[in-house]
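To start, the structure itself, in structure tokens.
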Amino acid sequence: MIRIGVLASGRGSNFQSIVDGIKEKEIDGEVVALVVDTPEAGAIERAQANGIPYFIVEKKDYPGKGGMDRRIVEILKGKKVDLVVLAGYMRIAGKELLEPFRGRMINIHPALLPSFPGLDAQKQAFDYGVRVSGCTVHFVDEGTDTGPVIEQTAVYIGDCKDAHEVSERILPFEHKAMRKVVANFSKGKYVVEGRKVRYEARL
Ligand code: GRF
């Protein structure tokens, strides 16, 4: 059973996919903390509906460098979190947050990395005109969406009429990939060798 901490900024549908994976016993774990960086995050209502403790940590309350990340680490460590999931968390994890959880922090990105890193990945893919995009679950490192790739799903977007449609098409695949990777973390370990990631199930 793993103790999961989720960081989110928005509606929290990826967070929900983890909660559902636990309920449906695909994931052997518990979400012990949701941290959001804005009181507007829809993820909060999902936490409330599922009895998950949540914490609002706003940048304005931690103006100095690293202060906000240190507060988040304090929360996650206080909850003895094994795995940190960035699920639509719209901030870069600074070294204060990254170091204590290196190798135990993952992110979901709505494109096939290394294509279209950073913000508005679905719009980047649409504007570029690629026929296939998708989603990537990867370890977090100090770069922007540059960590070793854990899981990817390709999605055909060639007939999408706008970036919104691309987002809608990719989203359910994000949920599946997220669930699968968190489930795997709960039942084994990912071994990182350079840029390659290999999974070892617990026997
Ligand atoms: C997802 O598309 C995620 O990949 C991106 O932001 C979106 C968050 O959606 N980085 P949600 O808050 O999980 O519903």
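Structure notes:
- Our coupling estimate for region 69-81, obtained by passing each phi through the Karplus curve with A = 6.51, B = -1.76, C = 1.60 and θ = phi - 60°, is 5, 5, 5, 5, 4, 4, 5, 5, 5, x, 8, 6, 6 Hz, Gly and Pro reported as x.
- For G88, the residues whose amide H sits under 5 Å from its own are I108, ignoring neighbours fewer than 5 places away on the same chain, with H placed 1.01 Å from N.
- Residues with amide H under 5 Å from that of G188, placed H, sequence gap 5 or more: R202
- In this structure, the residue pairs whose Cα-Cα separation is over 18 Å, taken from K123/K180; K80/K180; K25/K77; K25/K196; K23/K180; K65/K95, are K123/K180; K80/K180; K25/K77; K25/K196.
- Beta bridge orientation in the chain: antiparallel %, DSSP, nearest 5: 50 percent
- Relative contact order, percent, the chain [alpha-carbon distance under 8 Å, six or more residues apart]: 20 percent
- Straight Cα distances below 12 angstrom link K60 to the aspartates and glutamates D37, with same-chain residues fewer than 8 positions distant left out.
- One chain, two ends: K187 and K65. Fully extended at 0.36 nm per residue, the span grows by 40.3 nm beyond their Cα-Cα distance.
- Residues in region 26-40 carry Karplus couplings, in order, of 6, 9, 8, x, 9, 7, 9, 7, 10, 10, 10, 9, 8, x, 7 Hz; the curve used is 6.51 cos²θ - 1.76 cosθ + 1.60 with θ = phi - 60°, and Gly or Pro positions show x.
- 32 Å tail of the calculated P(r), the chain, as % of Cα pairs: 12 percent
- The HN-Hα couplings worked out from phi for region 171-180 by the Karplus form 6.51 cos²θ - 1.76 cosθ + 1.60 (θ = phi - 60°) are 3, x, 6, 4, 4, 5, 5, 4, 4, 4 Hz, whole numbers, x standing for Gly and Pro.
- With the helix formula -39500 (n - 2.57) applied to DSSP H stretches of n ≥ 4, the chain reaches a computed 222 nm mean residue ellipticity of -10000 deg cm²/dmol.
- Inter-centroid distance (Cα atoms) of region 81-121 relative to region 1-73, Å: 13 Å
- Of S133, V166, I18, farthest towards positive along the dipole that unit charges on Lys, Arg, Asp, Glu beta carbons give the chain: I18
- Dipole magnitude for region 1-122: computed about the Cα centre from +1 point charges on Lys and Arg Cβ and -1 point charges on Asp and Glu Cβ, it is near 360 debye.
- Residues D20 and T144, FRET efficiency given R0 of 22 Å [Cβ-Cβ distance, rounded to 0.05]: 0.15
Coordinate-derived values only; no laboratory data. Every value quoted in this text rests on a predicted model; they were computed, and no experiment measured them. Here Cβ is always computed from backbone atoms with ideal geometry, including for glycine, and neighbour counts include all displayed protein chains.
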